[in-house]
4 protein chains.
Amino acid sequence: MDFSSDTSAPAHPAVLQAIAGVNHGYAPSYGADSSTETLTALLANKLGTEDFDVWLTASGTAANALALAAICPPTASILCHEEAHIERDERGAPEFFSGGAKLALLPGENGQIDREQLRRAMGAIDRSFVHETPPTVLSLTNLTECGTAYSTDRIGEYADLAHENGLTVHLDGARLANALVSQRATLADMTWRAGVDVLTLGLTKTGAMGCELIVLFGAQRSRFGDLRARAKRAGHMPPKLRYLAAQGIALFQDDLWLELAAQANCFAQQLAETLCAAGGATLAYPVDGNEVFVHLPKTVVGRLRDAGAKFYPWPGGSHRFVCSWATMEDDIGSVRAVLSS
Amino acid sequence: MDFSSDTSAPAHPAVLQAIAGVNHGYAPSYGADSSTETLTALLANKLGTEDFDVWLTASGTAANALALAAICPPTASILCHEEAHIERDERGAPEFFSGGAKLALLPGENGQIDREQLRRAMGAIDRSFVHETPPTVLSLTNLTECGTAYSTDRIGEYADLAHENGLTVHLDGARLANALVSQRATLADMTWRAGVDVLTLGLTKTGAMGCELIVLFGAQRSRFGDLRARAKRAGHMPPKLRYLAAQGIALFQDDLWLELAAQANCFAQQLAETLCAAGGATLAYPVDGNEVFVHLPKTVVGRLRDAGAKFYPWPGGSHRFVCSWATMEDDIGSVRAVLSS
Amino acid sequence: MDFSSDTSAPAHPAVLQAIAGVNHGYAPSYGADSSTETLTALLANKLGTEDFDVWLTASGTAANALALAAICPPTASILCHEEAHIERDERGAPEFFSGGAKLALLPGENGQIDREQLRRAMGAIDRSFVHETPPTVLSLTNLTECGTAYSTDRIGEYADLAHENGLTVHLDGARLANALVSQRATLADMTWRAGVDVLTLGLTKTGAMGCELIVLFGAQRSRFGDLRARAKRAGHMPPKLRYLAAQGIALFQDDLWLELAAQANCFAQQLAETLCAAGGATLAYPVDGNEVFVHLPKTVVGRLRDAGAKFYPWPGGSHRFVCSWATMEDDIGSVRAVLSS
Amino acid sequence: MDFSSDTSAPAHPAVLQAIAGVNHGYAPSYGADSSTETLTALLANKLGTEDFDVWLTASGTAANALALAAICPPTASILCHEEAHIERDERGAPEFFSGGAKLALLPGENGQIDREQLRRAMGAIDRSFVHETPPTVLSLTNLTECGTAYSTDRIGEYADLAHENGLTVHLDGARLANALVSQRATLADMTWRAGVDVLTLGLTKTGAMGCELIVLFGAQRSRFGDLRARAKRAGHMPPKLRYLAAQGIALFQDDLWLELAAQANCFAQQLAETLCAAGGATLAYPVDGNEVFVHLPKTVVGRLRDAGAKFYPWPGGSHRFVCSWATMEDDIGSVRAVLSS
């Protein structure tokens, strides 16, 4: 009953197998190896386009911050939800990597930027007024920090609005697989076809040891040289890059990443139902992916903890339960047993 | 005959075994796991002290830059050799992580800072003169960028000089194992006992997939909180830290890292002798570790290349050959065969 | 009828006279001159203490950003009002100077931080949680961006709260003279005696050409060396510093600065009354200093503009009118004439 | 006999007169005033072109650092002489403003970059090699830090070389007036016509209170918006900009700046002759401008000091004497008297 985080789960066996599979012989350092090439080809196939460049990191914080620094100058700002991971949980990484850019925060229910607030923020931009810090980037997160999913349409709508106002669109996809499964969307439809210019695609929470992709689409590819230089000086160009690539290959092959995400989502649904079946529990947010945010009676919290369940209290008074590829039927069953005892 | 770099070598099988060994069950994220604890205990044993704090990264560039940023304010400078890795090969990482500190370069033969030049630089420090950028750190590298090793005594002497002048001492130990073997020194003697305040200890080139340790000794431990915060915002706090720790454990256990380094050093000696036995070859620098820098006749270069040997031309006209744990008897034999044919 | 800004006003004649007065002979550069010494003595007298260090800049943005960078590490954040000048109107200067620190925004009426929100923010600090960016500074502004004044008591209360939670207190006093006059407070009482650790004291808006003081009190004096180094590398150590010092001397002598502020405040009161006497006008905020924020009927706005009055529309629908030392009886009279015509 | 620095001299009376001249009435803040317009027109006339944008600062350090940050990304480096002011005397300002770019140092006699070394550095650039930090800017200084002047031809030659290799050319003209007079060159010929892309033109050392111009020529004008934003966030957009503009107007009108520089240069020649006429003195560098670097017998140094002369010892064993617009016939006469007594 460990629902503490999908980052506490181990890596999927296929990932370790893939790593072992590339661990022979010499390979050019810094991304010139054949595994990276294979991964890129796999990704192209999934994206339905070759009009992209990709870089790998072992850290989601780095992936987001590098992506943002590549598209936001130090004198500008990044529009994002006020509870976005880049604002709340990355210790100022975007500010650091960008050289002091600002995050401009927007409210909205369920971790999703409110449409009207976004419009207003766009309308208020005055690039000629040197004293304010105008946004050049809109950063969306899918799954959001509340475990909800933007629809592909909503992403497309917001991206259009951003483009009309001269902004570049970044998608923080630390749990993108869960969002894709939830929205029955393809990777292509939810990213470049919806207007996403720069994607950070996380695989760590899905089942990797540590593997995140930064993808620059179309016109943004012109920034790839800069991105690589920034990755290098930030220590995100590990010499033996083949081990990162191997993880991505393992998860993309046969769409294992989507399979694992579907499973985690499914368990989250079951867990939500189980928890709510107990009296007095209410969901804090809709459960679109692999996370359940739920207001629980104190007694229920106590009984779960006593039985050894792991989960975190969350700002706002709810508790967060996260399912992962490693969650098992038994975990849900144990919760059910505790609650019905 | 791949002598291109110790970073092109695969990871040692023990490393992968260790990773597989920790890949079960949930583990607290971000370094609170038991593997990290085990590694710390192992390290304490090797260092002969518990008066240190340690952080893990997957990148040597990051390890150096984080270490330096923790001890050098943005308004100060770092004394180092003019060919130091932090100056030449890290794309401005120290400047980036520190917020714009400067590197102050010192010359010296064989990649080692000249004693007299160091004294002079120390003597010229005027901390009251606000226009110049005074050094607060002396950064040494062992092995140096020329593959030579500082003796423990020399490190101690330079550290004393640094301390007398108010500087903190950093040791870039990307190939420290090779230096320890070469100088028949213990880890304790060449680091904190010699006056090193902050150590970056690399295991990647020795045989890891990607694992580097930043060690703060004694009084510098007060900066550990700051170091962790910097690691976090730089994306060097990967959630599943156990996989980094496992690599360190594998290499420290039974002193595997020293065994592998000794082997690489030994092959480098054999390679140097083999190359020099051929007419017209002269060593550019003494061969103290696992790297051979050698001036070769063009014809020899051509014959080696034709036979499939991999090695790089080096600034100054020599060529660099690097041995690693994966170098085999046969590799040296093949070189010998080419040269004698 | 130019109420556009106190920064569009010329310098007070006494300021130019003082500049001319020091414009003879050679003077040591970079603050070692006798004018800077005189200014410091004058300031000590006004502050009723010698336990401070002071640095001069020509820019309020620089004064704030340098002050904040000296007390906020890049890995931390600064608590301030969501409409604070440092957040809204300085193009990311605090982020730039600090190396990427964050501003954490607090709401509150009339440009003043809400007490309850401040308490809550303090209570939520968890310095051991490395992922969030904890505040190390509370920055207050007096006058606020809404032209209101914090009382000395309120500043003292907030400063106590900050100190109890380990924060340093910064006061942005771009219009401090107006606040002092409004609150009938002494400089000492509203600053170090109330718990302010670092003060930026603006004279530009009061009547200087360009002159702002950064004052470090008590324990914060240990950061003065760092502050000077930061000023130097930011280009805020102009060689001929005597011309900055002369401006300060002119305004402090015989408390000219307070006299000018009192006059501007007085005209602002008259202007507010005049505007409100016209039907349909309501003050957006209380008028504590030299600024009037007022909701005006469109027709009134039009008539004023037609008559040549200068003033700015303000976020939220009001208009801002600023009085300065250069505002004259006639300016108010003209407004009265327009409105009553 | 104050030869300590041209920055210890007062401002020329015409400068103060000009400041007083604009000190009436309201003026738009931040550079939208008519004085700035007048200055721009004057400058266009001197430059013989309108194809430029200009920004004003009160600090030479800021002017250089802003100019460099506008043309050098954080991931790149700036080629300059190893004794350049931006390397030696600005406390890391270029590194700070650029977000961590590096300075790459070149040797050369008399403070001038050696032609052969420059060619070699250009030849070694490999923009595809991500680990090194390639230069994107060549920064020249005229007068150099040794008081010598590059000829217009030399600047043109070096600029051509830079352009051929994809670099932008920056000229640090803190003492440009002295160089122009020395080389009998026009401002146009020594700057944009010679290939200079970005100029920092100093007037402070020539006779201003504090006034430096950053001029972007031709294609570099596209960076003007970015430059202004950087100036704003660095606190180099003082509200009452008219006082900076007035200083420039005073010095450009009737070419007062060149007249003052010519006078200072002339006195430096006389001083050099006077000093060398005394036995045992030798010039350290040719005297092209208003600075004399001279190796003096200890006894001479002592006698001058005893007589109240002010001048600084210089690295390398010489002493520096600086003449300025405020140097008088008598100052030279007094030196002569001391030496011949």
### Task
Exactly one condition in (1) touching a His at 6+ places or on another chain (Cβ under 7 Å); (2) part of a helix (DSSP H, G or I) is not met by C:Y158; state its number.
(1)
### Message
Take the residues in region C:201-229 that are open to solvent by 20 Å² or more (accessible area, probe 1.4 Å) and within 14 Å of chain B (Cβ to nearest Cβ); name whichever of them is nearest to D:A20 (Cα to Cα).
### Response
C:R228
### Query
If A:E50 satisfies every condition in (1) part of a helix (DSSP H, G or I); (2) touching a helix residue (DSSP H, G or I) at 6+ places or on another chain (Cβ under 7 Å); (3) without any contact (Cβ under 8 Å) to a residue 24 or more places away in the chain but one, which is the exception?
(1)
### Task
Residues being more than 8 Å from chain C (Cβ to nearest Cβ) and closer than 17 Å to D:N142 by Cα: count how many of those fall in region D:61-71.
3
### Query
Of the residues that make up region A:270-277, is at least one of a type in the set (A, V, I, L, M), modelled with pLDDT under 95 and open to solvent by 50 Å² or more (accessible area, probe 1.4 Å)?
yes
#### Entry: Failed criterion for B:Q247 (all others in (1) farther than 15 Å from B:K205 by Cβ; (2) within 14 Å of chain A (Cβ to nearest Cβ); (3) in contact with a Leu (Cβ under 9 Å, 6 or more places away or on another chain); (4) touching a residue at least 40 places away in the same chain (Cβ under 8 Å) hold)
(1)
### Query
Where residues in region D:1-24 are at the interface with chain C (Cβ under 9 Å from one of its Cβ atoms) and either open to solvent by 40 Å² or more (accessible area, probe 1.4 Å) or in a helix (DSSP H, G or I) (or both), which of them is nearest to D:G202 (Cα to Cα)?
D:V15
#### Entry: Enumeration of residues in region D:141-165 that are without any contact (Cβ under 8 Å) to a residue 40 or more places away in the chain and open to solvent by less than 20 Å² (accessible area, probe 1.4 Å)
D:Y150, D:G156, D:A159
### Query
Does A:G60 meet the test of being open to solvent by 10 Å² or more (accessible area, probe 1.4 Å) and within 20 Å of A:A159 (Cβ to Cβ)?
no
### Query
When both residues are 6+ apart or on different chains and their Cβ atoms are under 8 Å apart, which pairs have a first residue that lies in region D:181-200 and is closer than 19 Å to D:A219 by Cβ and open to solvent by less than 50 Å² (accessible area, probe 1.4 Å), and a second that is assigned to a loop (DSSP other than H, G, I, E, B) and modelled with pLDDT under 95?
none
## Note on the structure
Only one of D:T57, D:T38 is among the β-branched types (V, I, T), under 29 Å from D:A250 (Cβ atoms) and within 12 Å of chain C (Cβ to nearest Cβ), namely D:T57
### Task
Could you list, in sequence order, all residues of region D:313-341 that are assigned to a helix (DSSP H, G or I) and open to solvent by 50 Å² or more (accessible area, probe 1.4 Å)?
D:E329, D:D330, D:R336, D:A337, D:S340
### Message
Here is a check on your reading of the model: is D:A101 more than 19 Å from D:G202 (Cα to Cα) and of a type in the set (A, V, I, L, M)?
### Response
yes
### Only one of C:A32, C:A41 that is over 30 Å from D:H24 (Cα atoms), in a loop (DSSP other than H, G, I, E, B) and open to solvent by 30 Å² or more (accessible area, probe 1.4 Å)
C:A32
### Message
If I ask for residues that are within 14 Å of chain B (Cβ to nearest Cβ), without any contact (Cβ under 8 Å) to a residue 24 or more places away in the chain, crowded, with 17+ Cβ neighbours inside 10 Å and not acidic (D, E), which ones from region C:88-130 would you list?
### Response
C:V130
### Query
Has region C:175-190 got at least one residue that is part of a strand (DSSP E or B) and touching a Leu at 6+ places or on another chain (Cβ under 9 Å)?
no
### Query
So which pairs qualify, if the first residue must be in region A:220-240 and farther than 23 Å from B:S98 by Cα, the second must be assigned to a helix (DSSP H, G or I), the Cβ gap must be under 8 Å, and the two must be at least 6 apart or on different chains?
A:Q220/A:A70; A:Q220/A:I71; A:R223/A:A70; A:R223/A:I71
### Message
I'd like the full set of residues that are open to solvent by 80 Å² or more (accessible area, probe 1.4 Å) and within 14 Å of another protein chain (Cβ to nearest Cβ), limited to region A:301-312.
### Response
A:K310, A:Y312
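The values are calculated or read from the model by the stated rules, or taken from the named source; none is laboratory data. Bear in mind the structure is a predicted one, so any value in this text is a computation, not a measurement. Virtual Cβ from ideal backbone geometry, glycine too; neighbours counted across all protein chains shown. Surface areas here come from the heavy atoms of the whole protein model, side chains and all, with no ligands, DNA or RNA. Shrake-Rupley method; radii C 1.70, N 1.55, O 1.52, S 1.80 Å.
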